[in-house]
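Bear in mind that the values in this text are calculations on the coordinates, not laboratory data. A quick note: this is a predicted structure, and the numbers were derived from the prediction, not measured. Here the Cβ is made from the backbone with ideal geometry for all residues, glycine too, and neighbour counts use every protein chain on show.
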Amino acid sequence: MRHTLSVLVENSHGVLTRVAGMFSRRGYNIDSLTVGVTEDPTVSRMTIVVRGDDDVLEQVTKQLNKLIEVIRVTDLKNEETVERELAMIKVKSDVNNRSEIMQIADIFRARIIDVAPRSMIIEVTGDETKIEAIEQLLRPFGIKEMVRTGKIALKRGAKGV
Amino acid sequence: MTESSTKMTGSRAFIECLYREGVDTIFGYPGGVLLPIYDEIYDSSIRHILVRHEQSAAHAAEGYARATGKTGVCLATSGPGATNLVTGIANAYLDSIPMVAFTGQVPTALLGNDAFQEANITGITLPITKHNFLVQDANELPRIIKEAFHIASTGRPGPVLIDIPKDITTAEIDFYYPEKVELRGYNPTYQGNIQQIKKAAAEIKKAAKPVIYAGGGVISSDASTDLKEFAEKIQAPVTTTLTGMGAFPVEHKQFVGMLGMHGAKYANYAIQESDLLIAIGARFDDRVTGKLQSFATNAKIIHIDIDPAEISKNVKVDIPIVGDAKSILENLNKYVDKAQSDEWMNRVAHWKKEYPLHYVEPSSGEGIKPQFIIEQISEAAKDAIIVTEVGQHQMWAAQYFKFNKPRTFISSGGLGTMGYGFPAAIGAKVARPDKIVFDIAGDGSFQMSSQELATVVSEDIPVIIAIFNNGYLGMVRQWQELFYDKRYSSTCIQNSVDFVKLAEAYGALGIRATKKSEVRPAIEKAIASGRPTLIDFVVECEENVSPMVPAGAAINEILDLEKKE
């Protein structure tokens, strides 16, 4: 089972190493991890997608809380949350299929951010299934390379985590 | 800056911070990048003990901490000095001992350049410290030291490392020592949840066969008297872990000895039959539980621990109470009554009689059984602090010494570090000069730290090293005997050194005992000498630690291994 953890940490050097080190040392699997500064410049937010049953999640949460620089850990699994991920996909394309690819991008409300004689880069935002769906549709054209940010998430409504 | 701020160098600030933390002793070894700090130590009132290997500085700081409850402090230079601390830091981490380790570092401008004697010690110690710091701004040094001592000594204690680049020690700063620590990500829980405490009390009242399983946490929270009151109130048998030795008096009628792999049979039987296991400051280590699926299967489990991450880590817990053992026991004692356990205590007493710890006397009558030495030390120096190395002698010390007070047994539990005992004994003796301090050692373990004979002689630290010299790396030999068809691969170390001459070469007193009748006089001579003393006890070579739970077995599948003569 996959869980999304929202982790507020001190914005100090080495904190990413501590978090990542804890995961690898204790043998927990990270599906994705994103980190960036928050509205408070002394605090960063990590969004960590982790795989495991409830016992694993409990241990992960406790071990994260043990790190001095971790301020708060919230499991977003069962809460009302919005999730987004951004991907950039570089597709093989030329004059013959350019418009077809643009149509697909349109359907997904994705944007073309680079066009070259033999390639295009498409920027798409959404949840995981949406990104997987567009990836699948673009694959027949030939995906040259692709990058995903990993999931970020926030709780809906006025209350924060 | 406040009114109390004054200008001084980083190294001067270092000393000022240690004064404010009440540090009276540090264990260390100088080096290039530490020159400014050592220049300040030269004039300070802090006692600096020069060890002969940095690993001993870390172990000694730990011994000091365990003997007193205060935070131990060690200091080593950059690169190899720092990496030599690593084993000692890991040891303190696994046994949750408060320690602050300072390391010198190359100047900030050279960081990451593979400079001479550079090692990324904060990276290296990341998984074995409670927290660590690399000081990057000299003005932050006082705050960091304050935080380090706070983190090391509160909550679940542990080692904290501070890496100080050389230019930080020479920079001029506005010294200001914060009064309070503000760490928003660190708020250990001390008070146990009262609802959980009441639930536990109700469960205790219902229990027919309760057992108390106490660990090192009882000692670190100074909860021994509360534990005694609790145990006497509910009339339950008490077993302790290796690191919990001394938390409950061995001679108390409710004490059932150590549990686990080399625990007493009756302790393991009691655990396996119990219907309520009350774990206090213990962490269900694999050496304690044996086969996890078969551990205390009939028991509900109450787990009192300050570290929430220990709850249900290995064994599913029914009633967790997170907090300080002392505060929780004080509270619990207000609610508990005697469990329905007359019959149970009688049954446990019967086991205790039926399956005592025992060993077979040597047939010749003059050979020395290692267990006998422990009994003799226990009689001759009953209030001594017993520090051990790791191996068979360690188990015999835990089994046969009659510990009656906390902080009198100091041993490497979690990490199992050979070479730990001698330097830890140095730390303990420096902390408690009023106490007789024994290092119970094996001939293998002792040789991992024997260079510290120079330290004890030059610093006049009269510890007594009792070497149980069987010519083997005994614990490994025991496993080879039992599970590898007596193929003693690389475990025979007979005649590797004349320990008496070695002691004398350093200027310590050396005594040898080869016969049973020489054991007690040797112990008494060592105590009376008031000097650093090494006793070379030539013991029976192939004596085994008994009883023993084979690896992977349930703890009631416990074997007698005594040698028939």
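Per 10 Å bin, what percent of the C-alpha pairs of segment B:165-316 does each bin hold, from zero upward?
Taking every Cα pair in segment B:165-316, the percentages come to 10, 37, 28, 9, 8, 6, 1.
Taking the Cβ-Cβ separation of B:Asp114 and B:Val360 as r and a Förster radius of 45 Å, what is the calculated FRET efficiency to the nearest 0.05?
0.15
Output the 0 to 90 degree angle, nearest 10, between the alpha-carbon long axis of helix A:128-138 and the longest principal axis computed from the alpha carbons of chain A.
The helix A:128-138 is inclined about 20 degrees to chain A.
Give me the dipole magnitude in Debye, nearest 20, for chain B about the Cα centre, with unit charges on the beta carbon: positive for Lys and Arg, negative for Asp and Glu.
In debye, rounded to 20, chain B gives about 1460.
Note down the Stokes-Einstein diffusion coefficient of segment B:370-538 in µm²/s, whole number, using a Kirkwood radius over alpha carbon pairs, 10 °C, and 1.306 mPa s.
Estimated via Stokes-Einstein, D reaches 101 µm²/s.
Sorting B:Val51, B:Val106, B:Val181 on the 10 Å Cβ count, fewest up front, what's the list?
So the ranking, lowest neighbour count to highest, is B:Val181, B:Val106, B:Val51.
Considering all projection directions equally, how large on average is the shadow of the alpha-carbon convex hull of segment B:204-282, in square nanometres?
4.6
Between B:Asn314 and A:Arg98, how high is the FRET efficiency from 1/(1 + (r/R0)^6) when r is the Cβ-Cβ distance and R₀ = 51 Å? Nearest 0.05.
0.30
Would you mind computing the Rg to Rh ratio of segment A:82-154 from its alpha-carbon coordinates, Kirkwood style for Rh?
Result: Rg/Rh = 0.97.
For the protein assembly as shown, give me the percentage of DSSP beta bridges that are antiparallel, rounded to the nearest 5 percent.
Antiparallel bridges make up about 45 percent of those DSSP assigns within the protein assembly as shown.
Would you list the P(r) distribution for segment B:73-183, with all Cα-Cα distances sorted into 5 Å bins from 0 and each bin expressed as a whole %?
Result returned by the calculation: 2, 13, 23, 23, 19, 12, 5, 1.
For chain B, just run the numbers: alpha carbon Rg, then divide by 2.2 N^0.38 Å, N being how many residues it has.
So the Cα radius of gyration is 0.99 times the expected 2.2 N^0.38 Å.
Can you show me the helix-derived [θ] at 222 nm for the protein assembly as shown, built from DSSP H runs with n ≥ 4 at -39,500 (n - 2.57) apiece and divided by the number of residues, rounded to the nearest 500.
-10000 deg cm²/dmol
So for chain B, averaging the separation of alpha carbon pairs under 8 Å that are six or more residues apart and normalising by length, what relative contact order in percent results?
14
If neighbour count is taken as other Cβ atoms inside 10 Å, put B:Met258, A:Met22, B:Met395 in order from fewest to most.
The order, fewest Cβ neighbours first, is A:Met22, B:Met258, B:Met395.
Just how many % of Cα pairs in the protein assembly as shown lie over 34 Å apart, if you round to the nearest whole percent?
When all Cα pairs of the protein assembly as shown are counted, 55 percent exceed 34 Å.
Please check: in the Gaussian network model of chain A (C-alpha springs, under 10 Å), which one of A:Asn29, A:Asn11, A:Asn96 has the largest mean-square fluctuation.
A:Asn96
What does the structure give for B:122-135 when I average, per residue, the other chain Cβ atoms found within 10 Å of the residue Cβ?
Average per residue, whole number: 3.
Which of B:Lys369/B:Lys501; B:Lys199/B:Lys405; B:Lys198/B:Lys316; A:Lys90/A:Lys151; B:Lys130/B:Lys233 have a Cα-Cα distance over 28 Å?
B:Lys199/B:Lys405; B:Lys130/B:Lys233
If you rank B:Leu534, B:Leu94, A:Leu137 by fewest surrounding Cβ atoms within 10 Å, what's the result?
Neighbour counts put them in this order, fewest first: A:Leu137, B:Leu94, B:Leu534.
How many Cβ atoms of partner chains, on average, are near each residue of A:57-67 if near means within 10 Å of its Cβ?
Partner Cβ neighbours, averaged per residue: 4.
Work out the charge dipole of segment B:370-538 with +1 on the Cβ of Lys and Arg and -1 on the Cβ of Asp and Glu about the Cα centre, then indicate which of B:Pro370, B:Ala466, B:Gln447 is farthest towards its positive end.
Going by the Cα projections, it comes out as B:Pro370.
Please report the antiparallel percentage of the DSSP beta bridges confined to segment B:370-538, to the nearest 5.
Antiparallel bridges: around 5 percent, rounded to the nearest 5.
Mind computing the radius of gyration and Dmax over the alpha-carbon atoms of segment B:302-400? Å is fine for both.
In order Rg, Dmax, the Cα atoms of segment B:302-400 give 19.9, 56 Å.
Compute, for the protein assembly as shown, the length of the dipole vector about the Cα centre, with Cβ point charges of +1 (Lys, Arg) and -1 (Asp, Glu) only. Units Debye, rounded to 20.
In debye, rounded to 20, the protein assembly as shown gives about 1320.
Which residues make up the longest stretch of chain B clear of chymotrypsin sites (Phe, Trp or Tyr not before Pro) that lie in a DSSP loop with no more than 16 other Cβ atoms within 10 Å, not counting the sites?
Counting only loop sites that pass the neighbour cut-off, the longest clear stretch is B:191-483.
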